[in-house]
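Derivation of every value follows stated rules applied to the coordinates shown; laboratory data play no part. Model, not experiment: these values are computed from the prediction. In this analysis, Cβ positions are derived from the backbone assuming ideal geometry, glycine residues included, and neighbour counts consider all displayed protein chains.
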Amino acid sequence: MSILLIRHGETLLNVARTLQPWDTPLSPRGELQAEAVAQRLAGLGIAGIVSSHLPRARRTAQLISNATGLQVDENEALQERNFGNLRGLPYDTLPYNPLAMADAPPGGESASEFHRRVAEVFGQMVQRRRGLDGHLVVVTHGLVIHALLAHHLQLPGGVCAPQRLGNTSVTAVSAHAPHQVELLDCTLHLADVAHDDAQSLSGG
């Protein structure tokens, strides 16, 4: 059984390529995407759901909860990197790439702080999965999944992490070390519903 990493559904600010305030909700298309991934997961033997507490992730998790009958447990450590005073600003107007910056923006979180938080919550996920008789669904954010792929998960030989992750993409990971990636950034459930916008911002 695996840990299933799910990126939240689309938001209007994803499409506008804007660093998002914490309370950004799903867009109408994001709601459709979240419904689609919920139906995909419903028959897969899910035994637990844990989610970031940010509304865009929490709503995605709630729709998965509705489809599976399982309660959602929120974990604030699964939230997106905190960009502080940069939240609400258009990504493409900034003179640097905030998603790759090492320093903490004013009121925000440095890369080292963010990666330390992700490492801690990954340990919690692995421990949680050990107590379940089925898959653990983890609903989180683009940069969190990127950090896991870069530092904690093992990709198959010759496979590289994608530059962007699709909204409601599914990444399946072995619950046991070395935590092999079994499925990467899969959005097949969106084929007949609401396509992922490949130009939207994946993170922030």
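Structure notes:
- Any hit, the range 97-105, residues being among the polar types (S, T, N, Q) and either outside any loop (DSSP other than H, G, I, E, B) or at positive phi (or both): no
- Residue in the range 112-123 that is surrounded by 17 or more Cβ atoms within 10 Å (Cβ to Cβ), in contact with a Cys (Cβ under 9 Å, 6 or more places away or on another chain) and either assigned to a helix (DSSP H, G or I) or not polar (S, T, N, Q) (or both) present: no
- Figure legend. Inter-residue proximity from the range 115-137: first residues of a type outside the set (S, T, N, Q), second residues loosely packed, with under 14 Cβ neighbours inside 10 Å, beta-carbon distance below 8 Å, spacing 6+ or different chains. Indicated pairs: HIS115/HIS151; VAL118/HIS151; ALA119/HIS151; GLY134/GLY45; HIS135/GLY45.
- ALA38 being part of a helix (DSSP H, G or I) and under 13 Å from the mean Cα position of the chain (by Cα): no
- Among the residues of the range 109-136, those identified as within 17 Å of SER51 (Cα to Cα) and charged (D, E, K, R) are ARG117, GLU120, ARG128, ARG129.
- Put simply, of ALA147, ALA161 the only residue that is among the small types (Gly, Ala, Ser), crowded, with 21+ Cβ neighbours inside 10 Å and within 16 Å of the chain's Cα centre (by Cα) is ALA147.
- One residue stands out among those in the range 71-81 that are part of a loop (DSSP other than H, G, I, E, B) and free of Cβ contacts under 8 Å to residues at least 60 places away in the same chain: the one that is surrounded by the fewest Cβ atoms within 10 Å (Cβ to Cβ), which is GLN71.
- Of the residues ASP133, ASP92, the single one that is of a type in the set (D, E, K, R) and either surrounded by 18 or more Cβ atoms within 10 Å (Cβ to Cβ) or under 20 Å from THR24 (Cα atoms) (or both) is ASP92.
- Per the listing HIS195, HIS189, the residue uniquely out of contact with any strand residue (DSSP E or B) (no Cβ under 6 Å at 6 or more places or on another chain), assigned to a loop (DSSP other than H, G, I, E, B) and within 20 Å of GLN39 (Cα to Cα) is HIS195.
- A search for C-beta distances below 6 Å between a residue of the range 187-200 that is farther than 19 Å from GLN163 by Cβ and any residue that is β-branched (Val, Ile, Thr), counting only pairs 6+ apart in sequence or on different chains, returns HIS189/VAL37.
- Residues that are of a type in the set (A, V, I, L, M, F, W, C), farther than 14 Å from GLU31 by Cβ and touching a Ser or Thr at 6+ places or on another chain (Cβ under 8 Å) within the range 187-202 comprise just one, LEU201.
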